[in-house]
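These notes concern the structure reproduced below.
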Amino acid sequence: MTTDPQGQYLWQGGPMSVQEYLQLDQSTLDGKYEYVDGVARLMSGGSAGHDRIAYNMRVALDQHFRSGPCTVFGSDVQVLIGTKSNGKEHYVYPDVTISCDVADRHHLNTLIRSPRIVVEVISPSTETFDRSKKLRAYIACATIQEIVLIDQFKQVVEVYRRVEDGTTWNYMLYGPDSLIELISVDVCISMGKVYRGIDFDEMLIEK
């Protein structure tokens, strides 16, 4: 990597070390980078619908944990999701993260190390990545019990759920009028809450 006259790191593409990634992410003032499989990826800006759905999900979950034992985080908090077989770490910014580890709750904490549930609102520009490399990295993270993928153009929510043996995953597809079950934290959320304030006719026009 090189730096510009203001000292900001410039990414020129390709693999990089964890330290190089952290320097890049921390020095970038107008964006955030995720780091999966040794490669940094600049996060693109989301639509109003994407932002609304992520906000709705965070609020709905937060209502269940106002007195503990879990904490809900938004997309500004970085999450460490484990290592590959070669020891490289993955750093991501999920739309919503739930951690039930007390070590992640401190108000000055900037890195979540024990995510239990991660939520991604799927966008056309990120869908391939979210459903491939990022999903595999989530599945490989030992602390994650459920992965939630939310469609922003129709009422469809997918949940990947780790079963008791720790290595097998179940898949659940929820449609309109469903109650979304998050078994690892004993929470159910209605589709109405997830998509509150969303006009699907407008969303289709924007797409």
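Summary of values
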{"item": "For the chain, cysteines whose Cβ has no other cysteine Cβ within reach (under 4.7 Å)", "result": "CYS141, CYS188"}
{"item": "Loop sites in segment 109-142: trypsin sites (Lys or Arg not before Pro), DSSP, at most 16 other Cβ within 10 Å", "result": "ARG113, ARG131"}
{"item": "Amide H within-cut-off set for GLN152, under 5 Å, with H built and near neighbours excluded", "result": "ILE122"}
{"item": "HIS106, HIS50, HIS90, HIS64 arranged by Cβ crowding within 10 Å, fewest neighbours leading", "result": "HIS106, HIS64, HIS50, HIS90"}
{"item": "Inter-label distance for ALA103 and GLN63, nm, one decimal - labels placed 7 Å from Cα along Cα-to-Cβ", "result": "3.3"}
{"item": "Mean residue ellipticity (222 nm) of the chain, computed from DSSP H runs ≥ 4 via -39,500 (n - 2.57), nearest 500", "result": "-6000 deg cm²/dmol"}
{"item": "Binned Cα-Cα distance frequencies in the chain - 5 Å width, integer %", "result": "1, 7, 15, 19, 20, 17, 11, 7, 3, 1, 0"}
{"item": "Inter-probe distance in nm under a simple model that places probes 7 Å from Cα toward Cβ, at GLU164 and PHE200", "result": "3.7"}
{"item": "Exposure proxy ranking, count of Cβ atoms within 10 Å, fewest first, for ASP130, ASP104, ASP199, ASP51", "result": "ASP199, ASP51, ASP130, ASP104"}
{"item": "Per-residue ³J(HN,Hα) for segment 110-121, Karplus 6.51 cos²θ - 1.76 cosθ + 1.60, θ = phi - 60°, Hz, x for Gly and Pro", "result": "10, 9, 8, 9, 10, x, 9, 10, 10, 10, 10, 8"}
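Every read-out reported here was derived from the displayed coordinates using simple, explicitly stated rules and does not represent laboratory data. Keep in mind it's a predicted model, so treat the numbers as computed, not measured. Backbone-built Cβ (ideal geometry, glycine too); neighbour counts: all protein chains shown.
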